[in-house]
Amino acid sequence: HEAMEQQTISITKAGIQANLNARTAILAAANPKHGRYDRTKTLKANVDMTMPIMSRFDLFFIVIDDCDEVTDRAVATHIVDVHRGERQVLDAPFTMDELRSYVRVAKKMRPTISDAAHKTLVACYRQLRQNDVVGRNKTAYRVTVRQLESLVRLSEAHARIQLAETVEPENVREAFRLLKRSIISVESEAVLLDDIDDEDVEAAAAVPMDDDDDAPGGGEKRGRDDD
């Protein structure tokens, strides 16, 4: 927890205490407990992780290995061709030296948050909080200031990969999209592969309900009771 929350590591050995900086990104992967992802359970129940640990990560992405004839054939063909030595390496549009230079320069960038990005960050965080208050899923973790810090980190990272000196609203909106998509994946009791459009939700909410069916003790029910 300490390394992910405070970016420090405390070491106590032979009566000597030291605090070391832990400034690095953590990329972790986990397999489902029983070998296959159970769509009827939450992500937490599938990977058996505690909420304190899960809350330290900025993003979660669920990868489902579904059986697909076309995909399975392509993967099998590729692996067999590699073993036979018939698969040729594709030519990348850049060399390894160019990639190393890009990463080295990007890591040195320290983008600052502009005034417009500041307002966008506040608005995105307020929207996350409001969605958390009216959320219908009981398995959702609470949106706290930690998610705001995630928004800031992701916005700065998106600006850094563009070698930009300032964080602009478009960087914040992209970070908000990633975080919101990740929160939806974590909250879902089942992993939905097809997105539901907002128009479909509004159309479903606009369908009129039959008052007689909804009202407790309606006329039709009373008639059956009298009989």
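The values are calculated or read from the model by the stated rules, or taken from the named source; none is laboratory data. Note that the structure is a prediction, hence the values are computed from the model and not measured. Here the Cβ is made from the backbone with ideal geometry for all residues, glycine too, and neighbour counts use every protein chain on show. Each accessible area value is taken on the protein alone, full model and side chains, heavy atoms only, with ligands, DNA and RNA left out. Shrake-Rupley method; radii C 1.70, N 1.55, O 1.52, S 1.80 Å.
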Could you count how many residues in the range 100-126 are open to solvent by less than 80 Å² (accessible area, probe 1.4 Å), in a helix (DSSP H, G or I) and farther than 19 Å from Lys180 by Cβ? 5
If we ask which residues in the range 28-59 are open to solvent by 60 Å² or more (accessible area, probe 1.4 Å) and of a type in the set (Gly, Ala, Ser), their number turns out to be 4
Just to verify a result, which residue in the range 60-82, among those that are aliphatic (A, V, I, L, M) and in a helix (DSSP H, G or I), is surrounded by the fewest Cβ atoms within 10 Å (Cβ to Cβ)? Val70
Here are some residues: Val145, Val172. Which one is in contact with a Ser or Thr (Cβ under 6 Å, 6 or more places away or on another chain), open to solvent by less than 100 Å² (accessible area, probe 1.4 Å) and at pLDDT 75 or above? Val172
What pairs can you find where one residue is in the range 63-92 and over 25 Å from Asp38 (Cα atoms), the other is outside any helix (DSSP H, G or I), and their Cβ atoms are less than 6 Å apart, with a gap of 6+ or different chains? Asp81/Arg87
I'm told Asp97 meets every condition in (1) farther than 22 Å from Leu154 by Cα; (2) of a type outside the set (Val, Ile, Thr); (3) in a helix (DSSP H, G or I); (4) touching a residue at least 24 places away in the same chain (Cβ under 8 Å) except one. Can you identify the failing condition by its number? (4)
Scan Ala3, Ala14 and give me the residue that is hydrophobic (A, V, I, L, M, F, W, C) and either over 30 Å from Thr144 (Cβ atoms) or modelled with pLDDT of 85 or more (or both). Ala14
